[in-house]
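Okay, structure first, notes after.
Any read-out appearing in this document is the output of simple, stated calculations on the displayed coordinates, not a laboratory observation. Small disclaimer: the values here were computed from a predicted structure and weren't measured. Note: ideal-geometry Cβ built from the backbone for every residue, glycine included; neighbour counts use all protein chains shown.
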Amino acid sequence: MVQFTVNGKTMNYDGDADMPLLWYLREDAGLKGTKFGCGIAQCGACTVHLNGQAFRSCVVPIASVAGADIVTIEGLADGENLHPAQEAWIEEDVPQCGYCQAGQIMATAELLSRNDNPSDEDIDANITNICRCGTYYRIRKAVHRAAEIKRDRES
Amino acid sequence: MNAIFDRRRFLQFSLAGGALLIADAPLRYARASESSGEFLGDIGPYLKINPDNTLVLGAPSPEIGSGMHTSLPMLIAEELGADFATVSVKQMPIKLLTRPEGGYRWAYGVQGGGGSFTLRQNWQPVRHLAAVTRNILINAAAEEWSVPAGELHTEENHVVHASSGRRLAFSAIASRAAAKPFPEVTPDQEVDFKDPSDYSIIGKWQRSKGVEDVVTGKAMFGIDGELPGMLHAVMSRSPYFKGSVASVDDAAARAVPGVRHIITLDPPSAELSNSYIAAGVAVVADSLWAAMKARRLLEIEWDKGEGAGESSEALFEQMAEIQKEPGLEFAKDGEGRAALSSSGKVVEVTYELPLLAHATMEPMNCTVHARADSADVVAPGHSCGGMLVNLSRALGIEVTSINMISLRTGGSFGRRLRADMAVEAGLISRKVGAPVKLVWTREDDMGADWYRPQSRHILHAALTDDGGVSAWAHSACLATSASGDVDIPDVMRNTVWVDNYPRRLVDNFEVDVHHISWATPNGPWRAPMPTQHAFVVESFINELAAEAKADPLEFRLRLLGETRDMPYDDHGGPTYNTGRWAAVLKKAANEAGWGGRLRRRQGRGIAGYFTFGSYCAVVVDVEASRSNDIRVTRIVVAGDAGLIVNPNGFKAQLEGGVLDGLSTALRLKVDVEDGRAVQQNFDTYQFMRIADAPPVVETHLIQGADEVHGTGEIATPPLAPALCDAIYQATGKRIRKLPIGDQLKA
């Protein structure tokens, strides 16, 4: 049996230990905001936070998350208050098809947690998720805007 | 502007739970067959006025990322006089009904999508619906207040009598409909449309509907859909195009806990439309993970079939060989190719284009419950008609007995115009007697796509002494999976069309075509013909300009000549306008500072193209390092798609379109070896990431006409030729084969 928390809620799992966390989140916990894109940690559509760090959940075996605190896109907002990245994504109207955007936002939220004013180079080095629609121009603007919102909130 | 109603058209009003429902049926679209493929569609979107005075628009076609669920409610709100923020969108169920006079019609509008026609086809009917509803609300208020209807107008979900300051909410009027039914709209009733100069919503920046759901993970995509009691399926498809299952050892797979069924699935005998179904073995289990795990344990021997031994590299060699002889004459003006020999300077260049995969972010999936005589379907839709028709044929059930829900669609780019995933899910569900959700992995998707086909092009042109073009000859060779009695003009539309630019702009003009049949399936890929043809023609024009020592912009403007309509008997026709084409070129060039000085190892390239009724030009700036690493520093785009509905959405499509073009030109290709795709996932099919995206993508919108055209496919075609000329300016190296890959390192 593996115990961990998802968005603050304690979860117990005693199924197949090999199963990637992604499938637990989507199929067992019913949290479908985390998306399947490639299964080999390339695209980042399945990005979640594991003890505050961004991980690509499609390659994280569920047995390895024992004791971990997991946050998914559904748990990123603080109640009714959206995360700065979510707010910036709405302001810049980033999504087209929208499928990759939860992963992009989770990657951004983690970057902002350790760098509250990322440069373009920081964004290039840290946000490596794929967007097939090519919304990168707006993603970049939204990351900068999210950093600004975050700094404003904290000041 | 007036519109006269179709003779068979009437509005249906009904009250449900205090809300007024307005349905509009049936109005036939003039050109519906172009988008729905199989059917002429009748319109019937609905509009709902809720008791709280908010509005709901029933969207006929799914949201695939092109902003349809934002632009359609904009049209409704504008014409009706509603506050855009109060309009929400509900995806209507996808359903075909039997027509009393025979044949079928859509239950709610044209429920397909694709080919950049969606907005164009729903535009007029949605406007009619809103205009008639507005008149009826005004007439009801006029009666209530005993004032002439002409003194009333609508704004912010109210009917307003300006001179007395009275206001009546739409919902208040709607609630009276129960006591006194609205008059039936007579067939010859005319409606006045709002004057475009009074538009307050159309043409203004509007945020996408549903963005809040996307950023909080609440948006439901097709892959998130469920049917009660469903099982999960994955399928091992023949990796060899047109291969089949020789033998299966499924003992180990069956031992995986949760596995229920393992089925060898032969392609259905029914004739399907646009939907090649691969042979394979399906694993059905209680959970998706159990099915995936078991699939890995299957031991399958494949019969490679007719594609065995085929390779894309050998295909290019075969193309080169076949192109030594003239192909089928496709277009010829003046003396055609023969004029080359009597000219001074002749330029010859060969271009090669690779196979491309669609690789939508949301992998293929479909959930189906196939019963003996009906079916339920949950899917990410695109060509919903294709799904319904093919399911009906494969399952042998009436198409009208299929109920489909289309959830949000994680991209299509043409991939979901094919219904293979739906047919597979239907056949599996039928065999196991339960609802089944079929999910494709990325490897499944890349390995069993219908790819943008491979092509090779030899271009010749003769330059006059003063830098004009006196003769143009284009030999195109295309490989597709069409075999037997191939309809050459139709198949060649993947890469070249008889009316393509610069026909009729050069006196002596000729196009000849070769077609090679092979097993690799092919299909439309975001602007099928233009992405290939624009690269070839616009690259060649850049090379000709260089040969003539002319400015590439001036060279183009001279070729386009005076403003006039040119015949164009294909998608987006019947004509294109040289003036609108020149205008986007000039706009992009001016905004980019065309003609300004560049530093060493910087380059600036330009290209423009006409795609499906719209015009787009791009200017690309690059910098090259000493070792020829290329960095795109800026892209400037100008687009003209007629009436600008939502500038925000239009800009988004231009931004995405050029970045898709950049990503594709940099690294994307599918190689075929021994009749199967080499690239299987994003580690080898390397989409661009944000680090490769230029920090500036500037978009400029031109409203060159009043009618509305598509925006989703127009910016991709001109990107690659502009990029490659910028690279030439910076490095002196010509790219004549895509993708660019490591060619600059050689």
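Using θ = phi - 60° and the Karplus curve 6.51 cos²θ - 1.76 cosθ + 1.60, what whole-Hz ³J(HN,Hα) does each residue of region A:91-104 get, with Gly and Pro shown as x?
Values per residue, Gly and Pro as x: 4, 7, 6, 5, x, 10, 5, x, 5, 8, 5, 4, x, 4 Hz.
Per residue and in Å³, how big is the convex hull formed by the alpha-carbon atoms of region A:2-75?
Given the Cα convex hull of region A:2-75, per-residue volume reads 73 Å³.
Using only the alpha carbon atoms of region B:291-358, find the Kirkwood hydrodynamic radius as the inverse mean reciprocal pair distance, in angstroms to one decimal.
Numbers: mean 1/r = 0.0572 Å⁻¹.
In region B:291-358 this quantity evaluates to 17.5 Å.
Could the peptides A:61-71, B:590-600 be put in order, highest first, of the mean number of other beta-carbon atoms found within 10 Å of their residues? Please report the intermediate quantities before stating the final value.
Numbers: A:61-71: 17.1, B:590-600: 12.5.
Per-residue Cβ counts within 10 Å, averaged per peptide and sorted highest first, yield A:61-71, B:590-600.
Between A:Thr128 and A:Asp152, what is the label-point separation in nm under the 7 Å Cα-to-beta-carbon projection?
If labels sit at A:Asp152 and A:Thr128, their model points lie 3.2 nm apart.
Let me know the mean shielding of B:357-367 by other chains, meaning the per-residue number of their Cβ atoms within 10 Å of its Cβ.
Counting other chains' Cβ atoms within 10 Å and averaging over B:357-367 gives 4.
Hey, what's the Cα Rg ratio for region A:84-154 versus the globular rule of thumb, 2.2 N^0.38 Å?
0.98
Averaged over B:280-290, how many beta carbons belonging to a partner chain fall within 10 Å of each residue's beta carbon?
Mean number of neighbouring Cβ atoms from other chains: 3.
May I ask which residue of B:Ala534, B:Leu666, B:Pro125 lies farthest towards the positive end of the charge dipole of the protein assembly as shown, with charges of +1 (Lys, Arg) and -1 (Asp, Glu) on Cβ and the Cα centre as origin?
Of the options given, the answer is B:Leu666.
Determine the equivalent ellipsoid of region B:282-428 by diagonalising the alpha-carbon gyration tensor, then write out the semi-axes as square roots of 5 times the eigenvalues, largest first, rounded to whole Å.
Result for region B:282-428: semi-axes of 45, 22, 15 Å.
At a Förster radius of 30 Å, what calculated FRET efficiency corresponds to the Cβ-Cβ distance of B:Glu271 and B:Arg371, to the nearest 0.05?
The pair B:Glu271/B:Arg371 has a calculated efficiency of 0.85.
For chain B, count the residues as N, evaluate 2.2 N^0.38 Å, and divide the Cα radius of gyration by that value, please.
That works out to 1.01 for chain B.
Long-range amide H contacts for B:Phe330: which residues qualify at under 5 Å (H placed 1.01 Å from N, peptide plane, sequence gap of 5 or more or a different chain)?
Counting only residues 5 or more places away or on other chains, the set is B:Val511, B:Asp512, B:Val513.
Through the Karplus equation 6.51 cos²θ - 1.76 cosθ + 1.60, θ set to phi - 60°, convert the phi angles of region B:696-708 into ³J(HN,Hα) values in whole Hz; use x for Gly and Pro.
10, 10, 9, 10, 10, 9, 10, 9, x, 6, 8, 8, 9
Which percent, nearest 5, of DSSP beta bridges in the protein assembly as shown are antiparallel? Walk me through the numbers on the way to the answer.
Working: 120 of 157 bridges.
The antiparallel proportion sits near 75 percent.
Do you know the relative contact order of chain B, to the nearest whole percent, from alpha carbon pairs under 8 angstrom that are 6+ apart?
Once normalised by length, the contact order is 13 percent.
Note down the nm distance, to one decimal, between modelled labels 7 Å out along Cα→Cβ at B:Glu313 and at B:Asp570.
3.2 nm
Taking 0.36 nm per intervening residue step and subtracting the Cα-Cα distance, what contour gain separates B:Ala162 from B:Arg601 on full extension?
151.6 nm
From other protein chains only, count the Cβ atoms within 10 Å of every residue's Cβ in A:8-15, then give the mean.
Neighbouring Cβ atoms belonging to other protein chains average 1 per residue here.
Amide H neighbours of B:Asp671 under 5 Å, counting only residues 5+ apart in sequence or on other chains, H built in-plane at 1.01 Å?
B:Val678, B:Gln679
Return the sequence-ordered ³J(HN,Hα) values of region B:409-422 in whole Hz as given by the Karplus equation 6.51 cos²θ - 1.76 cosθ + 1.60 applied to θ = phi - 60°, using x for Gly and Pro.
Karplus-based 3J(HN,Hα) across region B:409-422 equals 10, x, x, 9, 6, x, 5, 7, 6, 9, 10, 4, 5, 6 Hz.
Please give the FRET efficiency for A:Asp14 paired with B:Glu301, using the beta carbon to beta carbon distance and R0 = 35 Å, rounded to the nearest 0.05.
0.40
Work out the charge dipole of region A:84-154 with +1 on the Cβ of Lys and Arg and -1 on the Cβ of Asp and Glu about the Cα centre, then indicate which of A:Pro95, A:Ser113, A:Ala125 is farthest towards its positive end.
Going by the Cα projections, it comes out as A:Pro95.
Expected output is a single nm value to one decimal: the length gained when fully extending between B:Lys218 and B:Leu97, i.e. 0.36 nm times separation in residues minus the C-alpha distance. What is it?
That pair, B:Lys218 and B:Leu97, stretches by 40.4 nm at full extension.
Residues with amide H under 5 Å of B:Gln91's amide H, sequence separation 5 or more or different chain, H placed in the peptide plane at 1.01 Å from N; which?
Correct list: B:Ala59.
Please report the orientation-averaged projected area of chain A, defined via the convex hull of its C-alpha atoms, in nm².
Values: hull surface 35.1 nm².
Taking the Cα atoms of chain A, their convex hull projects to 8.8 nm² on average.
With a 10 Å radius around each residue's Cβ, average the other Cβ atoms per peptide and rank B:91-101, B:219-229, B:638-648, highest first.
Numbers: B:91-101: 16.4, B:219-229: 18.7, B:638-648: 22.9.
In decreasing order of mean packing, B:91-101, B:219-229, B:638-648 become B:638-648, B:219-229, B:91-101.
For the protein assembly as shown, what does the alpha-carbon gyration tensor say about shape, rounded, prolate or oblate, given a ≥ b ≥ c as the root eigenvalues, a/c under 1.5 as rounded, and a/b over b/c as prolate?
Rounded is the answer for the protein assembly as shown, as its axis ratio a/c remains below 1.5.
Spin-label point model (7 Å from Cα, Cβ direction): what's the B:Ala149 to B:Glu707 distance in nm?
2.9 nm
Return, ordered by residue number, the residues of region A:118-134 whose backbone nitrogen is under 20 Å from a label point located 7 Å along Cα→Cβ of B:Asp683.
Within reach of a label on B:Asp683, which here means backbone N under 20 Å from a point 7 Å along Cα→Cβ, region A:118-134 contributes A:128-131.
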